[in-house]
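Below: the structure, in structure tokens.
The values are calculated or read from the model by the stated rules, or taken from the named source; none is laboratory data. What you see is a predicted model; the values in this text were computed from it and never measured. Cβ placement follows ideal geometry from the backbone for every residue including glycine, while neighbour counts extend to all protein chains displayed. Quick note on the areas: whole protein, heavy atoms, side chains included, nothing else; ligands and nucleic acids left out. Shrake-Rupley method; radii C 1.70, N 1.55, O 1.52, S 1.80 Å.
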Amino acid sequence: MASIVIVAEGLTFDSPAVRYAASIARQSGDDVRCLYLAPAVTSTAEWIERLPPRKLSRLKHLRATHTTTEWVHVQEELIREQMKSAAHDRAELQKQFRRIGIPLSCQRIEPSGETLLEALREYAPVKFLIAGRLRLPADLVKQGIMTIEDLGRHIGCEAIDAMAMGQWLARPRRRLWFQLTGYGAITVLMFFIVFFHFGGWNHVLMRGGLLPATAIMLTSALAAWCWGRTIEILLKLTKVDIYGS
Amino acid sequence: MTAEAAADAFDKTTLLSQLLHQHPWYALALITLGFIGGTISGFIGSGGAFLMTPGMMNLGIPGIMAVGANITHKFGKAMMGQKKHGQLGHVDRRLGLFLLVTSLAGIRVAVMVNEFFYERLGDAGSNLYVSTFFVLTLSIIGYFIMRDAIRSLRGRGGPASRKLQHRFRKLNLPPTIYFKTANVRVSVIMLIIVGFCVGFMAGTIGVGGFIGVPAMIYLFGIPTVVATGTELFLAMFMGAFGALNYGAEGFVDIRITLLLFAGSMVGLFVGSIGTKMVREVYIRTVTGALILLCTVSRALAIPDYLRTLHYIHVGTQMIHRLEVTSAVVLFTSGIGSTVFILYFVLRAHLRQLHVFRRYRAAIEAPETVQGTSDSSPAELPDNSALPHSQ
């Protein structure tokens, strides 16, 4: 039996791709596997023990000086937060799948490319792969596997970037159209004034002095802001920017 | 003739109107130049200035006005960029302000050194100094980036080396300051040195990011995204300072800046999308190749300054050939890099859309795709309630 694998980093049942996986699994009876790339450590002590000897001695050196306390605390807090959020997502996803009668097996793996590939090999044959993140672990990126699509090609199945797909399918908010109109109108008006009704103004601005310089700076800032926002919204509306850039 | 006198020799307020009148395509050329600079800037995280200023000069805009337009443009561009990084929490404003103070001192010293050469050797001497500094510093930076990229391409590269950072942190020079966003403790002495060097580079050749970002990553141990965000924050203030100075002298034609914006903003977004799709090693390769080609282009301009200063004897025809080659190398490298980035962005995007289109029907009507009727839509979440994009 084939598997449908969801790399559920930040994915919920609201994602169209996840719902698609659920409906396919319900029809075909394929297994749905869920992989979490969450940190597999629970405390600072455990985290420190897992460090390689060189790093451990470095940490001890830093501790001996005075530079590391905040660093350790921040790391610990981050790990705790990540684990809490991953556990919540996992429980929620399992609940939703159970609701529609599909057993979902979840596995938490370390966030490394090697472990991820190993888990995927274990689930072979994989029918298709769904993932929520575009940037993969650094060791995979080094091998040239940059996107989920590359990862799918690497293991020989089709892959969907659920986040990008969600953005692509989502209906744009009406607010975006209003913003586009507003920023676009200001930009066009500004270009129109500067290029067609500038005349004497340009002589004044290029005469020099602090006041004209401030006016130039503010015009530049306003143009960059309005035109930049126009382009940003336009790329979102035309679904060119679905990658969260 | 002084730079001001040379710039005043033409009517700077009507220069662009005349150029636009003579060549109707001129506005398009400036927009394209902005697009190339913006794409490269969005893709490699910094830069663009090293291509746009000489590019404008090749299009007939006097150097001083080209620098003025570019720095005013840099201010707006950095403002947009740092806003985006700021929303994501990638800007350490405190670190940025510390670096800003020392970088302004660096800019001031750079201007003084430049003035020294200008007074001693005139316009050609100043140009020779700037070009030599450009060639020396950027060839070293370009060499290291390229070496790193080639190693990675051969499969021998690893993540950015932290050896240098550990070595500097071992020194632990007091006093130190803790920066919360960057999550690092940095020696004040190191902050002063790096800030000064960034300012000096920016004040001499107009590119501070090439030294600022690697210094923050390798010496301070700051994550790459925070280093880029903080550098943009710094660039915004440095750009504002530069725009105010050039504007006060009357060398900024806002129309040139707006034409550059028209292209660069589009390029900036396209380039930043490219970073999510192109392998890091290719980004490094493009950066290294581009810097080295720009260095070659600038090096080809040096014989003209040496001849003007009577250090060497070269024929006028030869100088003209070198000038043309310099422009060709510059524009080819810029256009080539942009085509490379656009190709990768388009290819990855179209592939992605191809998959989405195939699955869209299935997502919108799962029961039809499966060929059975038992998958009641009521049991599955309502597809009409798709999430809205931001």
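Taking amide H as placed 1.01 Å from N in the peptide plane, A:Ser105 has its amide H under 5 Å from the amide H of A:Val32, A:Cys34, each at least 5 places away in sequence or on another chain.
Considering only protein heavy atoms and a 1.4 Å probe, what is the carbon-and-sulfur percentage of the accessible area of segment B:49-138? Numbers along the way, then the final one.
Numbers: 2410 of 3590 Å².
After summing per-atom areas, the C and S share lands at 67 percent.
Of B:Val266, B:Tyr305, B:Val281, which is farthest on the positive side of the dipole of segment B:252-345, counting Cα position, with +1 on Lys and Arg Cβ, -1 on Asp and Glu Cβ, and the Cα centre as origin? Farthest towards the positive end: B:Val281.
3J(HN,Hα) along segment B:296-313: 4, 4, 5, 4, 5, 8, 4, x, 5, 5, 5, 5, 4, 7, 6, 7, 9, 10 Hz, from the Karplus curve 6.51 cos²θ - 1.76 cosθ + 1.60 with θ = phi - 60°, whole Hz, x for Gly and Pro.
Computed with the Debye formula from one identical point scatterer per Cα of segment B:50-159, without solvent, the log10 of I(q)/I(0) at q = 0.15, 0.24 Å⁻¹ comes to -1.04, -1.25. Other residues lying with their Cβ under 12 Å from the Cβ of B:Leu232 contribute a combined charge of +3, Lys and Arg counting +1, Asp and Glu -1.
Buried on complex formation within segment A:161-201 (loss of at least 50 square angstrom of accessible surface versus the isolated chain, 1.4 Å probe, ligands and nucleic acids ignored): A:Met165, A:Trp168, A:Leu169, A:Arg171, A:Arg173, A:Phe191, A:Phe195.
When only alpha carbons of segment A:98-165 are considered, Rg and Dmax amount to 12.5, 40 Å.
Taking amide H atoms as placed 1.01 Å from N in the peptide plane, the amide H of A:Ala159 lies under 5 Å from those of A:Leu129, each 5 or more residues away in sequence or on another chain.
For the peptides B:180-191, A:102-113, B:50-61, B:230-241, the ranking by packing is B:230-241, B:50-61, B:180-191, A:102-113, with the highest mean count of neighbouring Cβ atoms within 10 Å listed first. Pairs A:Lys84/A:Lys236; A:Lys142/B:Lys276; A:Lys95/A:Lys239; A:Lys142/B:Lys180; A:Lys236/B:Lys83: which are spaced more than 20 Å apart, C-alpha to C-alpha? Violating the 20 Å limit, Cα to Cα: A:Lys84/A:Lys236; A:Lys95/A:Lys239; A:Lys142/B:Lys180. Across segment B:333-341, computed HN-Hα scalar couplings (Karplus, 6.51 cos²θ - 1.76 cosθ + 1.60, θ = phi - 60°) run 5, x, 5, x, 5, 5, 4, 4, 5 Hz from first to last residue, x flagging Gly and Pro. Neighbours of A:Pro103, meaning other residues whose beta-carbon lies under 13 angstrom from its beta-carbon, give a summed charge of +3 when Lys and Arg score +1 and Asp and Glu score -1. Find which of B:Phe233, B:Leu322, B:Val345 sits farthest along the positive direction of the dipole of segment B:208-354, computed with +1 on the beta-carbon of Lys and Arg, -1 on that of Asp and Glu, about the Cα centre. Value: B:Val345. Phi-derived couplings, Karplus 6.51 cos²θ - 1.76 cosθ + 1.60 at θ = phi - 60°, listed residue by residue for segment A:219-229: 4, 4, 5, 5, 5, 4, 5, 5, 5, x, 5 Hz, with x used for Gly and Pro. Rg and Dmax, both from the Cα atoms of segment A:134-245 and both in Å, are 21.8, 66.
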